[in-house]
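What follows is a set of notes on a single structure, which appears directly below.
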Amino acid sequence: MSTKIRILIADDHPLLREALCQVFSSEKDMEIIGQAGNGEEAVAMTSQLKPDILVMDIMMPKFDGLEASRQIKKIAPNTAILILTAYDDDNYVLGLLEAGAAGYLMKSARGHDLVEAVRAIRSGESVLHPKIIEKLLKQAMIKPSGPPDRKMKDLLSDREMEMLKLLATGMSNKEIADKLYLSLRTVKAHMSNIFTKMNVASRSEALVESLRKGLLTLDDIKEHDSIAK
Amino acid sequence: MSNRWRIFHICALVLIFIILSAFLYDKLLAGLPIIGQLTTLSSLGTLGYRIVRFAYILLIVYASWMIGVKSGIATLIASALAMLPQAIFLSSDPVDSVIGSLAALAIGGLGIALIQLRRGWRRQRQKLRGISVALRTSQESYEELFTNASDAIWVHDLAGKIVIANNACEKVSGYLPEELIGKSVAQLMSREALVIAREVRTKLMKGQAIDQRYDQRIIKKDGTEAVVELFTRLIRSDGKPIGFQNIARDVTEERRLRDNLRLQIHNTLMAQEEERKRIARELHDDIAQSILLLSRELDMLISQSDSKIPEDSILELEHIESIANNAYKSLQRYARDLRPSILDQMGLLAALNWLTEELGKELKIQVLVKSDNLPALPSELELAMFRIAQEALNNIRKHAHASNVNISLKIMSNNLRMSITDDGKGFSTSKLTGDLVKQGKLGVLGMEERARLIGGSLQIKSAPGKGTTVIARAPIWTRQKELVSFI
C-alpha cells in the first residue's frame, strides 16, 4: 500500500499519549493525524478526520472507550478501532468486540507489538487469539440470532462466504490463500470487498457482524473443527 | 347422707313397720304373753286401726323422705301387704277397712310423688345456681384477662367510635381507657394511617380475613407518633357486622432499632462503595499510569535502532520492563477487585460471567450463567445485583462445597429476578432469623439491604443437604426519589 496508515490516538494521560505517538512516529508507513484526550473528543475527531485506525485507551473521562467505539461504529464504520486495555480476560474482550473493536492490546504491550497490530488490522489479518474466536462463536450460539439476514447473504458471493467461514477459524490471509489456491493479493482483495459490503473495517468486526446477522452457524464451526484437524 | 344414718333409718323403718303390723294384727297376737297385752287396740275400736293406717302413711313418707324413693315404694308395697289381708279377712267391716287402707296407700303414694317432685325441683335449682357461679367466675377471669392484658385491646363500632378499651391502651396511646371510650379511632390516626385503616376495613367488610398483623402509626395523646403492630378482626352479631376488635402492640422501639440498623448498614455499604471506588480510581489513574509510562519509556529505550546501549544492559532493561509490567498487571487486578470496571463498562451479564469464571477456575466447579435478553439497566441496579451475586458466591466458596452453581437472570414484568442456586450442603434457614449481627452474618444482612435499597427483595431458600438458592428481585425502573445512589 503506497498511502500511509492514518492513525488517531485517544488517551486521557498526556504523557502516555505522547509515548504512543512516539511509537508510531518512527514508522515510515504510518502517520499520526490527531490526538484526543477523552471519549467525546475521540468521537468528534474520528467523524471529522476519518482515520484508518483509532488507537484508544478504554478508560477515559466523558464516555469511555467502549461507548466511544459504539458511537464511532455508527458514524465512521470504516475506521478500525484498536483498544488498549488493562484487562484481557475473555468476557472483557468479548465485550470489546461487541462494541465494535477491531482488536485489543494490553496497555503494557511493547511498542513493536502495537505497530504490528495496527498493520495486521489494516491488512485484514486476524488479531484475535483463536481461543477468543471460539468463545465468540459459542456465545453467539447461545444467543439465537434469528433467521439469517438474507440481504447480507445475497450481497456476498459464494467465494466471499467461503472466506468468511475460513475467517472464523483464525487462519491468516496467507493460510487462506494456500488453502484456496489463490494469491495473497487476491485474498486481500476479497477481504477488502467483504469488509466494504459488510460496512466494517476489520476482520474481527466482520466476524462479529456475520454472527450477529446469522451468516455463520454451528455447522460452520463444526466444519472448521474438522478442517483444523 | 352418710351410710350410718341410712342404716339407722332403715332399722327404724323396719322396727316401726313391725310394731305397726303388730298393732294391726292384735287379735291374732292376743294369745301371746306380754306382746298380746301390749298390742291390743280393742279399747279404741275401729279408730285404733285408722290411727295405724295413718301411721303407715307417715311411715311411707318417712321412708321416701329420709332414705329415698325406692325405699318409699318398698314401704308402700309392704304396707299394702300388711294392711289388705287384715282389712279383708280380720276386719269387722271389710268394705270400710279396705277403702280406708287403699286411701292410706294412695295418700302414701301421693306423698312419695310430692317428695320426689320437690327433690327434682331442688336439684334443678342447685344446678342453675352452679351454672351462674361458673358463669360469673369465667366472666370475671375474662374481664381480668382483657383489662390486664399486656397487648392493648379495644373494640370500635362501625362508625369508628371506641366502645371498650383495656388498660394497656394507655401505654400505647397515652389516653386512659375511660378517655378512649366514646372517642373516634380516626382521632388517633395520621392521614397515612387512615388510608391503611380504610383498606383494612374494606377488606374485612368484604369478608376477607386478615390473618397477619400489620404495622400502623398512631398519634399519642402527647402528639408523638407510635408504631403499633395491629391485628384487626370483624365482630359480628347474628351474622351482621357490628364492630372491629383490635389488638395492638407497641413496636416503636423495635422498629426504631431496625431502622437504625438498616441506616447503619446502608451508610456502611455506601461508604464502602465510595471508598473502593476512590482507591480503585487512584490506583488506576495515578500509580498504574506512572508505571505504564515507565514501561513505555524503557521500551523505547530498548527498541531504538540506533541505540548506543550495550547488549548486556538491554537484557537488564528488558528485565526491569517486565517487572514494571507485572507491577502494572497486579495493580490493575487489585483495582478491579475493588471496583469491577467490567460492570461499569460492559454491564451485569459480562460482570457475572467474569465473576463465575473466576470462581469456576478457583474451585474447579461448574458455574453457569443463563440470562434473558437484558435491556439497559440502571447502574444502581446492576451494582446491587452484582454485589449480591458476589456475596452469594463468596458464601458458596466458603461454606457450600457445591459442585454446580447456576445463576439465572430473568425479566419478569418490569422486575429483574436473579437467582443463584448451588447444590452444596445447604443449611437450616431458621439460623437466619434472630440476631444476625451477633452471629456475624452481616453478609446476609448486606445482601438484603442492597436489595431493599433498590426497591427490591431478597429471599434465601435452603435446607441441610438440599443446596441453597438466593433470589433477588428488583424493579427495573425505580422511581427517581427512591434511588439511593452508590455512584
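Observations on the structure shown:
- Among the residues making up region A:19-47, those that are under 21 Å from the mean Cα position of the chain (by Cα), among the aliphatic types (A, V, I, L, M) and within 13 Å of another protein chain (Cβ to nearest Cβ) are A:L20, A:V23.
- For region A:50-60, the condition of being crowded, with 17+ Cβ neighbours inside 10 Å and in contact with a Phe, Trp or Tyr (Cβ under 7 Å, 6 or more places away or on another chain) holds for none of the residues.
- Being modelled with pLDDT of 85 or more, loosely packed, with under 15 Cβ neighbours inside 10 Å and part of a loop (DSSP other than H, G, I, E, B) is a property that B:K461 lacks.
- Some residue of region A:26-39 being of a type in the set (S, T, Y), at negative phi, loosely packed, with under 15 Cβ neighbours inside 10 Å and not in a helix (DSSP H, G or I): yes
- Only listed residue being assigned to a helix (DSSP H, G or I), within 14 Å of chain B (Cβ to nearest Cβ) and under 20 Å from B:P340 (Cβ atoms), chosen from A:L96, A:L15: A:L96
- Residue in region B:218-228 that is nearest to B:K203 (Cα to Cα), counting only those that are surrounded by fewer than 18 Cβ atoms within 10 Å (Cβ to Cβ) and touching a strand residue (DSSP E or B) at 6+ places or on another chain (Cβ under 7 Å): B:I219
- As a summary of the residue check, A:H224 satisfies the conditions (1) more than 30 Å from B:S408 (Cα to Cα); (2) surrounded by 13 or more Cβ atoms within 10 Å (Cβ to Cβ); (3) at pLDDT 85 or above except for the one numbered (3).
- Being surrounded by fewer than 19 Cβ atoms within 10 Å (Cβ to Cβ), more than 10 Å from chain A (Cβ to nearest Cβ) and within 41 Å of the chain's Cα centre (by Cα) is a property that holds for B:R397.
- In region B:263-374, counting only helices (runs of 4 or more DSSP H) that sit wholly within it, the ones holding 1 or more residues that are closer than 30 Å to B:A402 by Cα, more than 11 Å from every other protein chain (Cβ to nearest Cβ) and in contact (Cβ under 8 Å) with a residue 40 or more places away in the chain span B:311-338, B:341-363.
- Any hit, region A:42-49, residues being touching a residue at least 40 places away in the same chain (Cβ under 8 Å), over 28 Å from B:I302 (Cβ atoms) and not hydroxyl-bearing (S, T, Y): yes
- Here B:R417 fulfils each of the conditions (1) touching a residue at least 12 places away in the same chain (Cβ under 8 Å); (2) within 14 Å of chain A (Cβ to nearest Cβ) apart from (2).
- Of all residues in region A:64-100, those being closer than 13 Å to A:T46 by Cβ and of a type in the set (A, V, I, L, M, F, W, C) number 7.
- Within region A:99-124, tally of residues that are within 14 Å of chain B (Cβ to nearest Cβ) and more than 22 Å from B:R336 (Cα to Cα): 8
- If only residues of region B:181-201 that are of a type in the set (K, R) and part of a helix (DSSP H, G or I) are counted, the one that is surrounded by the most Cβ atoms within 10 Å (Cβ to Cβ) is B:R201.
- Entry remark, region B:200-257: residues being among the charged types (D, E, K, R), within 23 Å of B:K161 (Cβ to Cβ) and more than 20 Å from the chain's Cα centre (by Cα) number 11 in total.
- Taken over region A:56-90, the residue count meeting the criterion of being part of a loop (DSSP other than H, G, I, E, B), over 12 Å from A:A10 (Cβ atoms) and in contact with a Lys or Arg (Cβ under 9 Å, 6 or more places away or on another chain) is 4.
- Going through (1) under 44 Å from the mean Cα position of the chain (by Cα); (2) part of a helix (DSSP H, G or I); (3) touching a residue at least 12 places away in the same chain (Cβ under 8 Å) one by one, B:Q139 falls short only on (3).
The values are calculated or read from the model by the stated rules, or taken from the named source; none is laboratory data. The structure presented is a predicted model; accordingly, all values stated were derived computationally and were not measured. With ideal geometry, Cβ positions are generated from the backbone for all residues, glycine too; neighbour counts draw on all protein chains shown.
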